[in-house]
Amino acid sequence: MSLQLIDRFHPRPRNEQQAAIDAGHLRKRDEIELLSPQHIGSVALLSLLMFVAGSLFFAALNIAAYFARTHAITGRIDGWGLVLWIVINIISSVIIIIIHEAIHGMAFTFWGGTPHYGAKLPYAFYCGARNQIFRRNHYLVVGLAPLVVITIAGIVFTLLAPALASYVILASIANFSGAAGDVWTVARLLRQPRDVLVEDTETGCRVWEIAA
């Protein structure tokens, strides 16, 4: 099946480039497989570093916001309150995975694509766009959207309601560290020319160019 170029905002150049794609003028430049033995170690290390950084950032932000409102460093949670705090944090960290992938899907849809969802257990859930290719910068937006949107939402929620935000702090951290694959992919794509086209795969992406 021929790949479909997605770009709802520039129909004329899209149609011209689609004709070239249909004529077989598409040439592969690169392929990024996040779960390959070559890359999975780097992605895992980045995820660990982002987990540490996210933990320090959101913990410090929560403490500072709580102190600004109550003039106390921390609140006291013990007994069943502590159990509830742990359970809600675990549940929210699972739910945030669904929200993360849903935001990827909304970004695909924004550019005119049709997302699909699946899982590569035990590694990760994913949102992709089968047989569709996107302009590099459009794909960068798709890749970074969950990290940016959820992180900003977590910061705002923490500033407005630090006590309640502590119950979902693990979700904010999990989303931040869970975006390691997205960040790693974006960093690789930024090395490519601006006019390349990107096909999303279940475990990464392929980079294409239209041959002259």
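The values are calculated or read from the model by the stated rules, or taken from the named source; none is laboratory data. Nothing here was measured: the structure is a model prediction, and the numbers come from that model. Note: ideal-geometry Cβ built from the backbone for every residue, glycine included; neighbour counts use all protein chains shown. When the accessible area is computed, the model is the full protein with side chains, heavy atoms only, and any ligands, DNA or RNA have been set aside. Shrake-Rupley method; radii C 1.70, N 1.55, O 1.52, S 1.80 Å.
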Count - residues of the stretch 188-204 that are modelled with pLDDT of 95 or more and closer than 13 Å to HIS39 by Cα: 1
The stretch 10-30: number of residues that are touching a residue at least 12 places away in the same chain (Cβ under 8 Å) and either open to solvent by 60 Å² or more (accessible area, probe 1.4 Å) or under 17 Å from the mean Cα position of the chain (by Cα) (or both): 5
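In the stretch 106-212, which strands (runs of 3 or more DSSP E) lie fully inside it and hold 3 or more residues that are under 18 Å from SER47 (Cα atoms)?
Because the criterion is at least 3 residues that are under 18 Å from SER47 (Cα atoms), the strands (runs of 3 or more DSSP E) in the stretch 106-212 that meet it are 124-128.
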Among the candidates ALA53, ALA68, residue that is open to solvent by less than 60 Å² (accessible area, probe 1.4 Å) and out of contact with any Cys (no Cβ under 9 Å at 6 or more places or on another chain): ALA53
Among the candidates ALA161, ALA165, ALA171, residue that is more than 13 Å from the chain's Cα centre (by Cα) and without any contact (Cβ under 8 Å) to a residue 24 or more places away in the chain: ALA161
Some residue of the stretch 179-200 being more than 24 Å from ARG29 (Cα to Cα), in contact (Cβ under 8 Å) with a residue 40 or more places away in the chain and buried (at least 18 other Cβ atoms within 10 Å of the Cβ): yes
Residue list for the stretch 36-70, restricted to those being in a loop (DSSP other than H, G, I, E, B) and closer than 22 Å to VAL156 by Cβ: none
So ILE103, is it open to solvent by 60 Å² or more (accessible area, probe 1.4 Å), at pLDDT 90 or above and in a helix (DSSP H, G or I): no
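So which of GLY128, GLY118, GLY143 is out of contact with any helix residue (DSSP H, G or I) (no Cβ under 9 Å at 6 or more places or on another chain), under 14 Å from GLY105 (Cα atoms) and open to solvent by less than 50 Å² (accessible area, probe 1.4 Å)?
Details: GLY128 fails: out of contact with any helix residue (DSSP H, G or I) (no Cβ under 9 Å at 6 or more places or on another chain); GLY143 fails: out of contact with any helix residue (DSSP H, G or I) (no Cβ under 9 Å at 6 or more places or on another chain).
Checking each option against the conditions leaves just GLY118.
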